[in-house]
Amino acid sequence: MGDQQKAPVKKGILGWYFNFNLLYRILIGLVLGALLGIIFGQKILWVAPFGALFVRLLKMIMMPIILSTLVVGASSISPATLGKVGIRVILFYLLTSAFAVFVGLMMGTIFQPSAEMATLASEAAGKAAADIPLSQTLINIVPTSVAQAVVNETVLQVIFFAIIFGIGVSYLRISKDDRLQKAGEAIYMVFDGTAEVMMRMVTAIMQYAPIGVLALVAEVFAKQGANVAGSLAIVTLACFSGYIIHIVLVYGGLLKLNKLSIRRFFKDAKDPFITAFVTRSSGGTLPVTIKASANLGIPKDISSFSLPLGATINMDGTAIYQGVCAIFISLTVTGHSFTLGQMGIIIVTATLASIGTAGVPGAGAIMLLMVLEAVGLPVEAGTAVAGAYAMILGIDAILDMGRTALNVTGDLTCTTVVAKGMGQLDKEQWA
Ligand code: ASP
């Protein structure tokens, strides 16, 4: 990628395209797409394949990303470090993420975001999941054939296998037997390398995002007219309300419960918060988060484990976004929200999805595909689900700013609280 960026594509329209800030390009794509759709109506539908191409590219990398990032995540935590700190941190991350999905579902239920998409086919959508009882869904998480799980894109089964497999690899990596240790390291490197390659591919595919978003949004507006803009504003409002509620209730509450000054916390936490908001990448923000943790008096041995892990698996903002968007898509496509059982499935899947979400811009939108699939709303080109998903993609950059800021703040809050709980927080920094 680095080499590619250095390639001499600096002049002309291509140069302008690649040099211009991606976020703005996507926003321009969104606005242009909407305008083209409204002005030209059905006549602009020839752009649809460009949108379908974008969706296909995203779906193409979904499975390899899930497999590689989860195996790497699970095998990075050595069973030895899974001691006191590890278990606390991971439990904290999981519980706050699960609660975040709940907040997202609540926001979706309160704001009822939906768009009129009557003209698109919506027949089978939503049926599949509604018919299966929760107990069966849970048992179905365990695959009878791993190959089949991958081929059929049964995401929860792939996640289950990837985590167990990753833990197995972590045992090999710390084995005293030289042969096993080397074998573990080799497997780890293969998945780590694959995960890195996938990140490069996400970056490359995102370069196409402005065009893909333009085409997808033009198609939606051409078929639906301008009335969807209001719906998207409500989705945005629902997400940001969820983000704010989660910060105040969960992070504020946890700091207060631990007798830590919220004002003091944000004096340093604001730097990673703002950096994450602008870069939309938890991973990219990590150096700033680590610096803030040092200023907050958190010892290195806790932060060096907890923050990189958090940047990889703790995504509360993403979890809220997935709850809201799942409801938006269900309301838009099927006209009704989810049953309690389905909400349970969403809490489990979206928590896992947020773990599997890479800390890079737009990754949460890819993981949303998985949550939708789990509740019987697969994104297939030309369906209502794809139309509704496209609308979300159109505003994803805006939603991503807020959710990434939340993701990073969650990592820092957890790390601070765990350090305090273990009596390791430097009190002088809080005086
Ligand atoms: N951009 C987010 C992050 O880096 C991930 C996401 O897209 O939800 O934390």
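Laboratory data are not the source of any read-out in this text; all were calculated from the coordinates shown. Because the structure is a prediction, the values reported are computed rather than measured. Every residue, glycine as well, gets a Cβ built from its backbone with ideal geometry; the counts of neighbours run over all protein chains shown.
Could I get the Rg over Rh figure for the chain? Both from C-alpha atoms, Rh via Kirkwood, rounded to two places.
0.97
Once the Cβ-Cβ distance between N152 and T339 is put in as r, and R0 is 25 Å, what FRET efficiency do you end up with, to the nearest 0.05?
0.55
How large is log10 I(q)/I(0) at q = 0.17, 0.18, 0.21 Å⁻¹ when the Debye formula is applied to the Cα atoms of the range 171-287, each weighted equally and without solvent?
Listed by q, the Debye log ratios stand at -1.04, -1.06, -1.14.
How large is the direction-averaged shadow of the alpha-carbon convex hull of the range 25-81, in nm²?
Answer in nm², one decimal: 5.9.
Between I28 and Q429, how many nm apart are label points set 7 Å from Cα along the C-beta direction?
Spacing of the two 7 Å Cα→Cβ label points: 4.2 nm.
So how far apart, in nm, are the two label points at M63 and L14 if each is 7 Å from Cα heading toward Cβ?
Between M63 and L14, the simple spin-label model gives 3.2 nm.
Taking R0 as 35 Å, what FRET efficiency do you get between L94 and Q42 from their Cβ-Cβ distance, rounded to the nearest 0.05?
0.15
Taking the Cα atoms of the range 331-431, report the difference between the largest and smallest coordinate on each principal axis, in whole Å and largest first.
That works out to 59, 30, 20 Å along the principal axes.
Over what distance in Å are the Cα centres of the range 306-384 and the range 15-62 separated?
Measuring centre to centre over Cα atoms gives 22 Å.
Modelling each spin label as a point 7 Å along the Cα-to-Cβ direction, I'd like the I167/Y208 distance in nm, to one decimal.
Placing both labels 7 Å beyond Cα along the Cβ direction yields 3.8 nm.
Using Cβ counts within 10 Å as a stand-in for footprinting exposure, how do V217, V250 rank, fewest first?
In order of increasing Cβ crowding within 10 Å: V250, V217.
Would you mind ranking I244, I159 so that the residue whose beta carbon has the fewest other beta carbons within 10 Å leads the list?
On the way: I244 12, I159 21.
Listed from fewest to most nearby Cβ atoms, that is I244, I159.
What order, most packed first, do the peptides 387-393, 26-32 have when packing is the mean number of other Cβ atoms within 10 Å of each residue?
Per-residue mean Cβ counts within 10 Å order the peptides as 387-393, 26-32.
Taking other Cβ within 10 Å of each residue's Cβ, how do E428, E380, E116, E219 sort, fewest first?
The order, fewest Cβ neighbours first, is E428, E116, E380, E219.
Hey, what does the equivalent ellipsoid look like for the range 244-396, semi-axes from the Cα gyration tensor as sqrt of 5 times each eigenvalue, largest first, whole Å?
With the √(5λ) rule applied to the range 244-396, the semi-axes are 33, 17, 13 Å.
Anything over 21 Å Cα to Cα? Flag those among K270/K291; K259/K420; K43/K223; K176/K300, in the order listed.
K176/K300
Could you pull the Cα extents of the range 221-313 along its three principal axes, largest to smallest, in whole Å?
56, 28, 21
Could you work out the pair-distance distribution P(r) of the range 384-428 from its alpha-carbon pairs, with 10 angstrom bin width and percents rounded to whole numbers?
Result returned by the calculation: 24, 27, 21, 16, 11, 2.
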